Amino acid sequence: MSAIVAKVREPLIEGNKSYHDITEDICSPTERLPGIAWLVGLLVSVSVLTFGLVCIFITIWFGIGTWHLNRTIGWGWDITNFVWWIGIGHAGTLISAILLLFRQRWRTGVNRAAEAMTIFAVMCAGLFPLIHMGRIWLGFFIFPYPNTRGPLWVNFNSPLLWDVFAISTYLTVSLLFWYTGLVPDFATIRDRATGFRKKVYNFLSFGWTGAAKHWQRWENVSLVLAGLATPLVLSVHTIVSFDFATSVIPGWHTTIFPPYFVAGAVFSGFIQLYCSTGRNSIGFSAKNLSRIFSGMYCWCFSIKSRYDGTSSGGGTIGILF
Amino acid sequence: MNKQDNNIWVGVEDLTNDPQYLENAKQEFFELPIVDALSKEASVIEKATQGASRRDFLKYAGFGLGAATIAAGCEMPVRKAIPYVVKPDAIVPGVANYYASTYVRGGDYCPILVKTREGRPIKVEGNTLSPITGGGTSARVQASVLDLYDTARLKGAFKVAKGKKTAATWKSIDEEVARFLKPGAQVRVLTNTIMSPSLKAAIADFTTAHPNTQVVTYDPVSVSGLLDANSANFGQRVVPAYHFDKADRVVSFGADFLGTWISPIQYAADFAKNRKSDDYKTATMSRLYQFESYMSLTGSNADNRILVKPSEMGAATVALYNAVAKLAGQPTVSGSKINATAATAVASIAKDLWANQGKSLVISGSNDVAEQIVVNAINNILGSYGATIDFGKYSNQRQGSDAAVQALIKEMNGGQVDALIVLGDANPVYDLPNGDAFKAALGKVKGFSLSTNGMYNETSEACSLLAPDHNYLESWGDVEAQNGSYSLVQPTINPLFDTRSALVSFLAWAGNSNAYPTVMPAANDSTAVAAPSVVISDRPEYDYLVKYWQSNVFGKQSKFSTFQGFWDSALHDGIFEANVTASVGSFAGDVAAAATKVSKPVSGDALEVAFYESINIGAGQYANNPWLQEMPDPVTRHVWDNVLCIPVNWNGKKSYKSLNKLKDGDKAELTVNGKTYTFAVVRMFGMKSNTVAIALGYGRTVDGAVGVNTGTNIYNALKVSKSGTTQYFATGATLSNRKGEDHDFACVQHHHTMGLTTKEGGKDGGVRKADNKAKDVPFYVDEEILAYQGTLVDRSVIRTSTLANLKDDVKDLVDERHHHQHLNDQTLYPGYKDIYKQGHHWNLSVDLSACIGCGACSVACMAENNVPVVGKHEVSIHHEMSWLRIDRYYYGDSENPNVVYQPLMCQHCDNAPCENVCPVGATNHSSEGMNQMTYNRCIGTRYCANNCPYKVRRFNWLDYTTADIFPWNEPTLKDGDEQAFGADDLTRMVLNPDVTVRSRGVIEKCSFCVQRVQEAKLTAKVERRKLRDGDVKSACQTACPTGAITFGDGNDTNSEVHKKMADKRNYKVLEEVNTAPSVGYWMKVLNKNSDLV
């Protein structure tokens, strides 16, 4: 390792590995057949996915009434899940973007997983508002597109519409952030690959050569995107909380919801990240993470518990986390 | 027990701050027992995946996603409409025709206008010309139009053998009848009350042909005792006319005259006349005292309720007689002791009555002759006869005799009956106390037994021939509901099926086959169509009716010189009033003797049961009507079942202590008169402790899919008393502890909570556990704790007052509203008040003092607006669709509370919270102040329903209307049904073509009957005039028997509704939220006797 590391710090990478060793470690999982553990994991995931698809079929075929949702609040796990998944995503963004802004070098151990988790979490989050609709086949009404019905526009006063914009913005920025980070790694794989595989990675890596100018621009873009993503964490979940906070319903109509939602999101997201980075099945082990997480846990918990006690409305929405 | 004079509550948990309930109330998600819910849902899902293999599993999964994707592009199934080849003159497509007719079923009577569209009757309105009902209706009347399109109706004549029916021709039925109707044959005609003079004449014709014919009349829920008492005291076996509008003091001994007793529409209308006043400063009101053991609809509207056990009723009657007689200086009679509270009450009631001689009225719902004689005597002393009771314009609405039908059973058992004709709704096998005995006796009728019921019921099953009558909307007929008050029944549609008027049947069987052809054009009888011997008219009953009126009714008037003129006028108006002189009647009776015969109070703590007629489905004849089944019982608020009403507070013996653990929805076994039944229980406030009450009319075993196995039949627990009349209470019953739970218990009261806040400042969010010292008391109210729903009192949902405090309370209300309005004026957002001041601004006003909670409006709304029926299971998971619900709140003394009913529909807020939040703008505000739903824009996010503070928006959770783009996914109405309600083309004929049928996945709600507003505006435009007040009437308004609802243009300063909204008694629900509703409520005012509190 050529980088200079203070002696008092615990080294981030143990085992006295060279750059070549690390490249090998990172690239080899993509170049060999997956192991049994990975296959078993995939099988389990696909089974659960299939079950989910059947459930979605039943929901769409018979109607959302099969969920036994009712009055006086017509929402249930659909919107709970939506809020929860958005929260999960936020932790991923926070980890990779804030740590980048604060120049935390150990970030590189988890940022890829965190960003990927963000994107999949946002996709899951988008799924639930869709399937909770009474008439999903008309869900496109929610987008403001030019039409021949007048034209008939969406209702810009509705917090649900703000959600649409918030989520799509968030997805876009997260996707860019994630992909930008991937480009140098794609190039590394491209350099080792042959044949068709090489062509694919060639396209994906956008002609990355590892030139100093590339690295400089890459650093700039990463910083800009991280700077964009960080406030999004606050704004997106704030807007999600507006679904409740701007209503007139007792228990929902409360100003504490925006910070409450953000704190809750980060809280649950870190735990999800902690779980999903136990990547032993592909040969990595997470280190140093538990220390980070315990710190975050304490911070979020203190915010959350502060409002649990005093806000009766908080209890109402507490189920969302 | 603590008094909660200022508090309002809806149930036990609410009043007692049950920790679990409060916890649940805090969660906006209603928790279901998950395992049960899954097993229920399985029935829906299994259908689609029945016998599914693993391969199918994947197929379904793949197909499902594919189908959902493609569905957006799918076309709706094509349904062809065939236009007229030759257009009938009277029918303009899109324009409704109204025909005056009369709703009549047994003793139920209501003059109506039938709205027809393109030849189909689709809605019933009250006939405002009627001096009896004044245009009011009831829930049963409103729902009756659905019976016409009942798929379970008999579609022709049948022969029945061993409980199996086979289709038969009318000719073969007539031949079979003729075969047994030999000269001298003993024929019995068993019927419920008949009010039709022409049908009676036809039966008389039949009797002439077969002289040994006897007509036996009975009523399933009988007032035989009243009739017999009047026969003894006045020589007239009739129900006299009661003038509730002239009575300033009314005492009712268990008579539910606003709900079910004899002529509830008329009584409610008259009663309300004396409860309303235009100016609160000079307001006067009648006062109603109700003696009863359970909370009846009438009792819930009473000013003072006096709790007595069912067995104490007779003694209470005698006690009142003695108290009144003492004041009048007349000799008293010996009577039994009644409970101390009631005894004190009787004394002050007597004083009150005595001070209002000639303006008071005492009635009794008891079926005991002796009790009715005592009541007659009280009325006699008070001078009610001639003042509030009239024997001249007596009612024909109950004529039955309990003794006669019992005698008939003996005759049949003795083999003395050759033929039995069961007429109309009479269903003795089901609704007699000894229905089984009747069924057994029916087997001993020598010749034939025939039923003319249009439905296949328990009695039809035991008969040998079925000759179904028309539905009343297909018939010609007449009614004389009260002496001299005639009305006509005219058909509004050709008979849908091969049925035949009962009147024609009698004429045919009388041997009049030439004059009145026995053959109706019958699809299954080609010879009959080909060669009817003599055809006078295709409607022989019409000819008979006209002839009857010409010779019997025409002479009773002098206005018209020609019969044609008279007939046309009567047919147009639907009614004809002959002059009848009032008759005071002279009372002659032995009170002392009667007083010894009244029921004796059963001492001790034995459990007593009160049986009452269901307000929804009557004595059981309406059981197959899904609109009525889905209408919540006004007091208990449950649907699709008869639940056992138990007191909140059991006391007395130790054995009752465990019953305190019974909760709403628990099942328990009731043993009464040696028979055991299992019921779900509901704890009812204002019940005498150690008594229970249960509705009759449920648990039909042979009926359409809707009525069968809904609830439990309890008729066979009734007993015939010593005097030969059916007794509607039982003593010495026992109730078991909890025996499981009714998982589909469907009680709608808690489905729409409007008060979700706790009182501020309380620890633990205002929730506190019940005090330990209350251990022995089943519920305990700590005055410091403000109950959950009880905090409604802090939100402006219900406002009440009494006549004595009215001025002060009005002042408080005005101050409170000023305060709210001042706060609301501080809003940062721009208002649109100036815009709404222009043009029309539709308002609706409800007078809570006039509203009796009968439910007519909610059924009328279902009929007018194509509101789907969802069935018991769906209601139990809060999926009911009613646009107009009637909330029931208790207030006052928690042991004997008063009740206020609040019809709640969309409030059409000018600052509507629902409109803001819809992402696609599917709900928006019209320039006339209406909150509108655009169904085809709605994508079903349900955000509007969440954000509605009044909880009046309804979501189509499943495909309730079969209007979905996916077929075969409708929920069934009841478990085991093949088809969803309304899925068939016949039932869909009742749909109002002016109102969209909503598909699955969209929100719907009260539209202020926008289609009626639109129609009236167009009519005014065509007539080149301005819209006048009264041009538009909402469906709920026209249905209301008491005139509690007013709809109109609030911007028109001369309109009725404007005056109502400007009145100081008017308030708006949740005005502090600044939603600016268009619906106003007048505070509920009672006229309590302060001596009795």
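List the extent of the Cα atoms of segment A:43-188 along each of their three principal axes, largest first, rounded to whole Å.
50, 43, 31
Enumerate the amide H contacts of residue B:728 below 5 Å, restricted to partners 5 or more residues apart or on another chain; note that Pro and chain-start residues carry no placed amide H.
Amide H to amide H, under 5 Å and 5 or more residues apart or across chains, residue B:728 pairs with B:367.
What FRET efficiency, computed as 1/(1 + (r/R0)^6) with R0 = 41 Å and r the Cβ-Cβ distance, is obtained for residue A:44 and residue A:212, rounded to the nearest 0.05?
Numbers: r = 45 Å, r/R0 = 1.09.
Once the sixth-power term is evaluated, E becomes 0.35.
Quick one: which of B:246/B:393; B:833/B:1068; A:17/A:198; B:309/B:597; A:17/A:213 span more than 23 angstrom between C-alpha atoms? Please report the intermediate quantities before stating the final value.
Numbers: B:246/B:393 15 Å; B:833/B:1068 16 Å; A:17/A:198 27 Å; B:309/B:597 17 Å; A:17/A:213 27 Å.
Beyond 23 Å: A:17/A:198; A:17/A:213.
With the solvent-accessible surface defined on protein heavy atoms using a 1.4 Å probe, which residues belonging to segment A:136-175 display a reduction of at least 20 Å² in accessible area in the multichain context relative to the isolated chain?
A:137, A:141, A:142, A:152, A:155, A:157, A:158, A:159, A:160
How much length, in nm to one decimal, is gained on full extension between residue B:580 and residue B:661, taken as 0.36 nm per residue of separation minus their Cα-Cα distance? The partial results should precede the final answer.
Numbers: separation 81, 0.36 × 81 = 29.16 nm, distance 5.74 nm.
Full-extension gain reported as 23.4 nm.
When the gyration tensor of segment A:101-176 is built from Cα positions, what are the square roots of 5 times its three eigenvalues, in whole Å, from largest to smallest? Mind showing how you got there, number by number?
Working: eigenvalues 225, 41, 18 Å².
Semi-axes, largest first: 34, 14, 9 Å.
Would you please give the FRET efficiency between residue B:277 and residue B:932, computed as 1/(1 + (r/R0)^6) with r the Cβ-Cβ distance and R0 = 25 Å, to the nearest 0.05? Please report the intermediate quantities before stating the final value.
Numbers: r = 36 Å, r/R0 = 1.42.
For residue B:277 and residue B:932, the calculated efficiency is 0.10.
When N counts the residues of segment B:796-1090, how does its alpha-carbon radius of gyration compare numerically with 2.2 N^0.38 Å, as a ratio? Could you put the intermediate results ahead of the total?
Numbers: Rg = 20.0 Å, N = 295, 2.2 N^0.38 = 19.1 Å.
Output field value: 1.05.
Counting only heavy atoms of the protein chains, get the accessible area per residue of segment B:603-747 (1.4 Å probe) and round it to a whole Å² value. Walk me through the intermediate numbers first.
On the way: 4440 Å² over 145 residues.
Averaged over the residues of segment B:603-747, the accessible area is 31 Å².
Just to confirm, what accessible area per residue do you get for segment A:129-268 at 1.4 Å probe, in whole Å²? Let's see the in-between values first.
Numbers: 6550 Å² over 140 residues.
Per-residue accessible area for segment A:129-268 comes out at 47 Å².
Enter the buried accessible area of the A/B pair, total of both sides, probe 1.4 Å, in Å² rounded to the nearest 100.
Details: alone 19090 and 43170 Å², together 56810 Å².
Counting protein atoms only, the buried area is about 5400 Å².
If you filter segment B:863-896 for chymotrypsin sites (Phe, Trp or Tyr not before Pro), then keep DSSP loop positions with at most 11 other Cβ within 10 Å, what is left? Could the numbers behind the result be given before it?
On the way: sites: B:883, B:889, B:890, B:891; in loops: B:883.
Here no chymotrypsin sites (Phe, Trp or Tyr not before Pro) fit, given the DSSP loop and packing criteria.
Please calculate the 1.4 Å probe accessible area of residue B:87, with all protein chains present, and give it to the nearest 10 Å².
100
Sorted by accessible area (1.4 Å probe), largest first, how do B:113, B:361 line up?
Details: B:113 55, B:361 0 Å².
Heavy-atom accessible area, descending, gives B:113, B:361.
Tell me the Kirkwood radius of segment B:603-747: reciprocal of the mean inverse pair distance over distinct alpha-carbon atoms, in Å. Write down the numbers at each step before the final one.
On the way: mean 1/r = 0.0647 Å⁻¹.
That comes to 15.5 Å for segment B:603-747.
Would you calculate the convex hull of the Cα atoms in segment B:243-395 and tell me its volume per residue in Å³?
114
Which residues belonging to segment B:861-879 lose at least 20 Å² of 1.4 Å-probe accessible area when the assembly is complete, relative to their chain isolated?
B:877, B:878, B:879
Quick one: pull the percent of accessible area on segment B:603-747 belonging to carbon and sulfur, 1.4 Å probe, ligands and nucleic acids left out.
Here carbon and sulfur together make up 46 percent of the probe-accessible area.
Using a 1.4 Å probe on the protein chains only, how many percent of the accessible area of segment B:796-1090 belongs to carbon and sulfur? Present the calculation step by step, with values, prior to reporting the outcome.
Values: 5060 of 10020 Å².
In segment B:796-1090, the share of accessible area belonging to carbon and sulfur is 51 percent.
For the pair residue B:734 and residue B:709, how long in nm is the line joining their label points, each one 7 Å along Cα→Cβ?
3.0
How much accessible surface does residue B:684 have with a 1.4 Å probe, in Å² rounded to 10?
Spelled out: residue B:684, probe radius 1.4 Å, area about 10 Å².
The values are calculated or read from the model by the stated rules, or taken from the named source; none is laboratory data. Nothing here was measured: the structure is a model prediction, and the numbers come from that model. Ideal geometry is used to build each Cβ from the backbone, glycine not excepted, and the neighbour counts take in all protein chains shown. Areas reflect the complete protein model, heavy atoms only, side chains present, ligands, DNA and RNA absent. Shrake-Rupley method; radii C 1.70, N 1.55, O 1.52, S 1.80 Å.
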